[in-house]
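First comes the structure, then the notes that go with it.
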Amino acid sequence: MNYGEFGGQYVPQGLKVKLDEIENEFNKAISDESFVSEFNYYLKQYVGRPTPLYFAKNLSEFAGGAKIYLKREDLNHTGAHKINNAIGQALLARRMGKTHIIAETGAGQHGVAVATVCALFNIRCTIFMGAEDVKRQKVNVEKMKLLGASIEEVTVGNATLKEAVDVAFNYLLEHEDVFYLIGSAVGPSPYPEMVKYFQKIIGIEAKKQILEQENILPKAIVACVGGGSNSIGLFTDFINEDVEIYGVEGAGKGLDTGKHASAIYNNQVGILHGMKTNVMQDEEGNVKDAYSISAGLDYPGIGPEHAYFNKIGRVKYDSVTDEEAVNAFRLLTKLEGIIPALESSHAIAYALKIAKNYDKEDIIIVNLSGRGDKDLNIVNSL
């Protein structure tokens, strides 16, 4: 699927054949009542959905202005939104008769989710992870190993998420029995569409819950954006509503330093991981290294649907620095007793910035995409 000029399949012919097979089976699966029913069963009985939509009263009072609600994806089994998509794609892989699932991971939450569902469905699992992220996310690495996954440490390049994706795609091309379970709304078609389908439950629930609790839609919704799965999950059911939508990338040490992870910042279009999208690149078109204190945000591109929403102006994309995110991490913990992931902390920080622009009866929904256990060592070392 193309999102305007974005998306597509910019891949070798051998990989295109595999992708077309996945797309055909995915389209059949989501039209199959038994597949959809099984997916919904696991979301409810295994993942623990629906997740709460929580009014953060103390945070709202601190911010001044709008009421801030948190969509509690951190309360999912495994501690983040990643499990929604992992369940869906694993069921698809099993339906296709694949015996080996591979995945990439940065912050480790996607890797843990994939290792979890592979244990559940008794499927061989290999996780590709950059060496730098292995060091940053030791707890999640140990969880993946305990769940039975093999960890392939990627040492090339910057040794983070981009390189893990590169290696995983090469492995997929070379192995017939493999299903590549991508964790974000990135990559060649049909991956952005599949991830969106399996994550849109976030926004569906949030809309229903806010109408039940407040009887009105929010004025704004906010989510962090690395590749963009938790954000596309929240945005999808609100995109045609009169709601302001904000996507928050990692500004790292500051946009002017070059040490950041904002693919939108220079608004350059390129090809990355089989998709046409906004990419961090130099004048020669070489992909730049992304940086963020959050391992889940240091990706040098953005999902193609996000690139499209940015171009047509439907979503406002902005960024938050490491320092602002860490401050929000500590603030939410102290005010609400909720320890957020550093990724989610970027969205919290941005909500605090914009809350004053709204009236006290207005509502902002922030997607709390994951919990912060995995980031305690990073924050405590500062």
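Scan region 17-46 for residues that are basic (K, R), surrounded by 12 or more Cβ atoms within 10 Å (Cβ to Cβ) and over 15 Å from P188 (Cβ atoms) and the total you get is 1. Restricted to region 148-263, the set of strands (runs of 3 or more DSSP E) holding at least 2 residues that are closer than 23 Å to A119 by Cα comprises 150-154, 178-180. The residues in region 53-68 that are touching a strand residue (DSSP E or B) at 6+ places or on another chain (Cβ under 7 Å) and exposed (fewer than 13 other Cβ atoms within 10 Å of the Cβ) can be counted, and the count is 0. Every condition in (1) of a type in the set (S, T, N, Q); (2) out of contact with any helix residue (DSSP H, G or I) (no Cβ under 9 Å at 6 or more places or on another chain); (3) closer than 27 Å to L19 by Cα; (4) modelled with pLDDT of 95 or more is met by S231 except one, and the failing one is (2).
Using the structure shown, decide if V11 is assigned to a helix (DSSP H, G or I), among the β-branched types (V, I, T) and within 23 Å of the chain's Cα centre (by Cα). Answer is no for this residue. Please work out if R49 is closer than 22 Å to E343 by Cβ, buried (at least 18 other Cβ atoms within 10 Å of the Cβ), modelled with pLDDT under 95 and charged (D, E, K, R). Here the answer is no, as R49 does not meet what is asked. Scan region 122-141 and report the pairs whose first residue is crowded, with 24+ Cβ neighbours inside 10 Å and whose second residue is of a type in the set (S, T, Y), with Cβ atoms within less than 6 Å and a gap of 6+ or a chain change. Between residues of region 122-141 that are crowded, with 24+ Cβ neighbours inside 10 Å and residues that are of a type in the set (S, T, Y), the close pairs are I127/T105; M129/T105; G130/T160; D133/T160.
Please find, within region 318-338, the residue that is nearest to G226 (Cα to Cα) out of those that are polar (S, T, N, Q) and surrounded by fewer than 24 Cβ atoms within 10 Å (Cβ to Cβ). Step through it out loud before you land on a result.
Pass one, region 318-338, residues polar (S, T, N, Q): 319, 321, 327, 333.
From the residues that got through so far, the ones that are surrounded by fewer than 24 Cβ atoms within 10 Å (Cβ to Cβ) too are 321, 327, 333.
Working: T321: 14, N327: 19, T333: 23 Å.
By that ranking, first place goes to T321.
Per the listing E153, E212, E163, E241, the residue uniquely outside the structural domain of D322 (by TED's automatic domain parsing) and surrounded by fewer than 18 Cβ atoms within 10 Å (Cβ to Cβ) is E153.
Only one residue in I202, I216 is under 13 Å from the mean Cα position of the chain (by Cα), under 16 Å from L53 (Cβ atoms) and among the hydrophobic types (A, V, I, L, M, F, W, C). Which one? Steps first, answer last, please.
Details: I216 fails: under 13 Å from the mean Cα position of the chain (by Cα).
Checking each option against the conditions leaves just I202.
Within 23 Å of the chain's Cα centre (by Cα) and not in a helix (DSSP H, G or I): is that true of I338 in this structure?
On the way: within 23 Å of the chain's Cα centre (by Cα): yes; not in a helix (DSSP H, G or I): yes.
Here the answer is yes, as I338 does meet what is asked.
Wholly within region 22-126, which strands (runs of 3 or more DSSP E) include no fewer than the required count, namely at least 3 residues that are farther than 30 Å from T155 by Cβ?
In region 22-126, the matching strands (runs of 3 or more DSSP E) lie at 53-55, 67-72.
Of all the residues in region 54-106, those that are farther than 28 Å from E38 by Cα and at pLDDT below 95 number 1.
The values are calculated or read from the model by the stated rules, or taken from the named source; none is laboratory data. Just so you know, these numbers come straight off a predicted model, no measurement behind them. Here the Cβ is made from the backbone with ideal geometry for all residues, glycine too, and neighbour counts use every protein chain on show.
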